[in-house]
Structures are given as structure tokens and as C-alpha cells.
1. Restricting the search to the stretch A:123-138, which residues are within 11 Å of another protein chain (Cβ to nearest Cβ) and either touching a helix residue (DSSP H, G or I) at 6+ places or on another chain (Cβ under 8 Å) or surrounded by fewer than 17 Cβ atoms within 10 Å (Cβ to Cβ) (or both)?
2. Any residue that is more than 8 Å from every other protein chain (Cβ to nearest Cβ), under 12 Å from residue A:131 (Cβ atoms) and buried (at least 24 other Cβ atoms within 10 Å of the Cβ) - is there at least one of those in the stretch B:138-151?
3. State yes or no: is residue B:116 in contact with a helix residue (DSSP H, G or I) (Cβ under 9 Å, 6 or more places away or on another chain) and without any contact (Cβ under 8 Å) to a residue 12 or more places away in the chain?
4. Which of the residues that make up the stretch A:31-49 are in contact with a helix residue (DSSP H, G or I) (Cβ under 9 Å, 6 or more places away or on another chain) and assigned to a loop (DSSP other than H, G, I, E, B)?
5. Please work out which residue is farthest from residue A:212 (Cα to Cα), limiting yourself to the stretch A:157-166 and to residues that are away from chain B (no Cβ under 14 Å) and touching a helix residue (DSSP H, G or I) at 6+ places or on another chain (Cβ under 8 Å).
6. So, of the residues in the stretch A:167-185 that are part of a loop (DSSP other than H, G, I, E, B) and surrounded by 23 or more Cβ atoms within 10 Å (Cβ to Cβ), which turns out to be nearest to the other protein chains (Cβ to nearest Cβ)?
7. When the stretch B:111-124 is examined, which residues are found to be in a loop (DSSP other than H, G, I, E, B) and either touching a strand residue (DSSP E or B) at 6+ places or on another chain (Cβ under 7 Å) or more than 7 Å from chain A (Cβ to nearest Cβ) (or both)?
8. Would you check which residues across the stretch A:52-70 are touching a residue at least 40 places away in the same chain (Cβ under 8 Å) and farther than 17 Å from residue A:272 by Cβ and list them?
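The values are calculated or read from the model by the stated rules, or taken from the named source; none is laboratory data. These numbers come from a predicted model, not from an experiment. Here the Cβ positions follow ideal geometry from the backbone for every residue, glycine too, while neighbour counts run over all protein chains shown.
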């Protein structure tokens, strides 16, 4: 029997497809189901000058701190239970991200839709009257060619397409061909990220047989189809420390440790040395060691 | 009732902002707005649609801190955006700054290019304010929050909307601003912030002193109403038995 091609690859294979100056879309939402294993690999690479497009969480904080971002397109950067992402806030306050594009979060959805539909823009109300337009002078307005009921030709924000060179997303399950499912509460916009990109890479908790994708999950869980995907990587616990419901929830204790470490240069250097100096396997081992030892120690403090 | 706390006054004031909304999606951001919305759903407006703040519409009304309830629908983020554009929604957001003209800032303090303090970012405020009824909750009314002009306009006030044209005003609908001192709208002269009521124990002078601009005060400023015995029971026994409301609006002895 002939089968579609096998797109399995390693984390390093994914990074080898990314070059400096590219525009990278990162799936998930804030501190939820982020492709953190792929982000960590980017931190270790010599890739730089990236345009990063993200409903941001620690992915943005870490890439900003590592000096990887030339231009950031975001609507918020938050860890939810810790409202302000500390490394992102520091980067903004130190002025270390050269170009900043802060949009309304719904504009992101519209920009990704425009890109996925190969349109230069889509019209939207969001942004009108706000400093999103003031602070992004490249955003233009468009006049409706059709009169409204009152005869007025309304003027909308022309949200430009968020065309991506590469999309990175993390899903619960995938097959080797790139069909992928989410098993948690929200698909987020990972399919749109893939469709807005020239190349899309899916990391997942577990690679299963194609038949296995629908054994214990309804077909509507299959958000991403292989026709949208260029590579598949199995990265167990690869969204850590963000949520990957139902495989695991957010590691709140570790997130606290991250935020606390980020608040001070010395403790941040120690955090990086301990968790971010090796490969993904080393990261997962370091986190497991931390959970066994330090966490209990910190609780006692 | 003499033992009613300020937090409970605020909860009913928030609930009252949702009372006349009919069958729409109530989107409260944060703890006190959630308490107020759930109180409204149990009293003045059972038709309100509420969510677990993540992806589910809830048929019942759980206490704060719990999302366990019968589910009546699915509202992941992409469908939230659909509802924002479609219209039937009333959102109550926070505001790090809010100004005389009802503009809100949750983006950054200082110069946007190099802020002295980076906040959350614009989030959905620009889209919310030109599409849905938008109200604000301010737990700590002070001259640093009520400012003459916000540093970054995220939520659009009525004047800015008018200046932006018909597409911005067609569905613009600024509701109420509820703070720990009183209740406001933005219907003063030239669409400025107007004091509607002060919470019991708060004077008009207290409000002016805590504001960085002169709040418009009409001829008569009543006290914000106190919760009924039934509302108090719902707040205390059912919706917030753990007293989480006091984290945002402390009792006087805990301040």
C-alpha cells in the first residue's frame, strides 16, 4: 500500500530549516500549549534577527532575552497566573527589541486569516480610535466600497496579512504524516498559523498511527491536516512549562521559579546555566531534578 | 444593614451594570467583575451567558475559583473573536489608567517606544471598545489611575471614537466605570467622566481628591445602593464563601 510521506524529524532538523531574518509564528496562547521545546532549540541556535508573531508567553520572553528578536508582533505577553512576563517587560523597558508592533489580539486572528487566504489584508473595526494605529504608522485604513444602510462609506482598519516564513505549533497527538489533534479545551489558532506559513512544523506529545488519532478522540479534534505540515517532531513534555491539557497542566511551581529567577541578573544566569545550557533532554532532566530537590527546599523558605 | 462591606457594595454595583443587558455574553476580566457578573446572573439577569474564562459556556453559576458546572456551549478564543465582531457581549476590563474622556490604558506606562513600565499589552481593548459594551473595574481609585490623559490609548473613549469616524462609533457603547469609591459613566459634558454615585461612607470630595482630573458631578449624587439580604446571602454563602473579594477591596481593618 502506498502511504503519504513520512515527515518525522528531530528538533535540530526543524531549527536547521530556520534562518536569520525569517518571520516565525508561534502557536498556542500566552502560557498555553506553546511549542517550548522548539523555542528552547531556537535559543541554543545561532539564528537571529527574527520577526516573531505570537500571542505571547514565555516564548516571547525567552527569545527576547536571548536577543533573537528584531521585530515583535504581539497583542499581549502574559503568563496568566503571573500577569506580566518578566523577561519581556525587561526587554521593553531596556529598549532591547528594535521594532515593536503591538496590535489588538483580535487583529492577530484577522491578520492570520488574511495570510491563510492569500489576501493582502482584511478589514476590521478593531484598532480604530486607539493608539494601535498611532504606534503602528504602517497600518492603513480602507474605505468600504459599499454604503451602509445610512449611506455612509465606513472606514476600517486594513489589517495586513501576517505572512509567516515558519510556523511552530505544539499538539497533543500527530501521525508521521503531519495530521495532528488537540485534546485540550481550545484549538487556539494553530491551524491558521500553519496555513499562514511557508513551512509549518508540528511538535507533539506523542506520535501515533493514523488510526490511533481517532481511536479515543472525535474526528473534530483533528485540527491540522498533513497538507499544511512540513515536519513532525515528537517532544514529550515539549510544551513545558505551559499547559498541554489533558497530558499535563501548566507547571505553576516551575513558572514561579522562572519568574523569580528572571527578576535578578544573578539568579537568571543560574537559571540559564541549569536549564537552558543543554539540549531538550538535558532540560527535561534538569526540570525533573529540580522538582525532586529544590522545589521542596523553596517551599520551606 | 450596617455590616455590609465595601467589597459587597462594589459587587452589587458591578452586577447592576449587567442587569439590563438581556441575553448576551458577559465577559468579566478578573475576580470582582466575575463575582458581580455571577451575582447578576443569579438575580437581575438570568439570561446572561457566562463562561469558565477558558473555553466553556456554563449553564449554572459556580462559586469564584471553580469552573465546575453544567456546560451549555463552547467558546474557545476564536469564537470569542467571532462574538466580539458579532456584537452581543458586554466586557468589563481592568484599567491601569483611565482618563477624563474614558480612554483606558493597559499597555504601558510612559513613552510607548521605551516605557518606564511595560504592562500587559493592548489585549482586546481596542476591539472590545468599538464592538461591544465595555465597562471598567478599578479596585484602587487613585490619581495614578484616574489621570488627565492616559499614556497609551488601548480602550477607546467616546470622543476618540467620534474622531475616528462612523465605523468606530456605530457600536461604541461605554458602560460604567465601577471603582472602590463610586460608580461613573462617561456622559459628562463633552463625553467626560461623570460621577453617578458614591459608595456609602465616601464623599464627593473623597472622589475628587482620589482623581487626577476634575470628575464631573451632577446636581445630585446618591449613595450606591446596598445589597439586599438575598444578594448578601448569595455573595457570602454561595459565590464567595472564601472571601476572595477582600483581596481586591480589603475590609477597613485589613487595609
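1. Pass one, the stretch A:123-138, residues within 11 Å of another protein chain (Cβ to nearest Cβ): A:123-136.
The answer is A:124, A:125, A:126, A:127, A:128, A:129, A:130, A:132, A:134.
2. Step one: list which residues in the stretch B:138-151 are more than 8 Å from every other protein chain (Cβ to nearest Cβ), which gives B:138-151.
Imposing the further condition that a residue be under 12 Å from residue A:131 (Cβ atoms) reduces the set to B:149-151.
Next, only the ones that are buried (at least 24 other Cβ atoms within 10 Å of the Cβ) stay: B:150.
Yes, that holds for at least one residue.
3. Numbers: in contact with a helix residue (DSSP H, G or I) (Cβ under 9 Å, 6 or more places away or on another chain): yes; without any contact (Cβ under 8 Å) to a residue 12 or more places away in the chain: yes.
Yes; evaluated as a whole, the condition is true for this residue.
4. Step one: of the stretch A:31-49, the residues in contact with a helix residue (DSSP H, G or I) (Cβ under 9 Å, 6 or more places away or on another chain) are A:31, A:33-45, A:47.
Hits for the stretch A:31-49 are A:31, A:33, A:34, A:35, A:45, A:47.
5. Just the residues of the stretch A:157-166 that are away from chain B (no Cβ under 14 Å), to begin with: A:160-166.
Okay, now just the ones that are also touching a helix residue (DSSP H, G or I) at 6+ places or on another chain (Cβ under 8 Å), so A:160-164.
Working: A:160: 39, A:161: 35, A:162: 34, A:163: 33, A:164: 31 Å.
For the stretch A:157-166, the residue satisfying everything is A:160.
6. Quick first cut of the stretch A:167-185, residues part of a loop (DSSP other than H, G, I, E, B) only: A:175-179, A:182-185.
Right, trim to surrounded by 23 or more Cβ atoms within 10 Å (Cβ to Cβ) and you get A:175, A:178-179, A:182.
Values: A:175: 23, A:178: 21, A:179: 20, A:182: 10 Å.
Restricting to residues being part of a loop (DSSP other than H, G, I, E, B) and surrounded by 23 or more Cβ atoms within 10 Å (Cβ to Cβ), the top hit is A:182.
7. B:111, B:113, B:115, B:116, B:119, B:121, B:122
8. Of everything in the stretch A:52-70, those that are touching a residue at least 40 places away in the same chain (Cβ under 8 Å) and farther than 17 Å from residue A:272 by Cβ turn out to be A:53, A:55, A:57, A:70.
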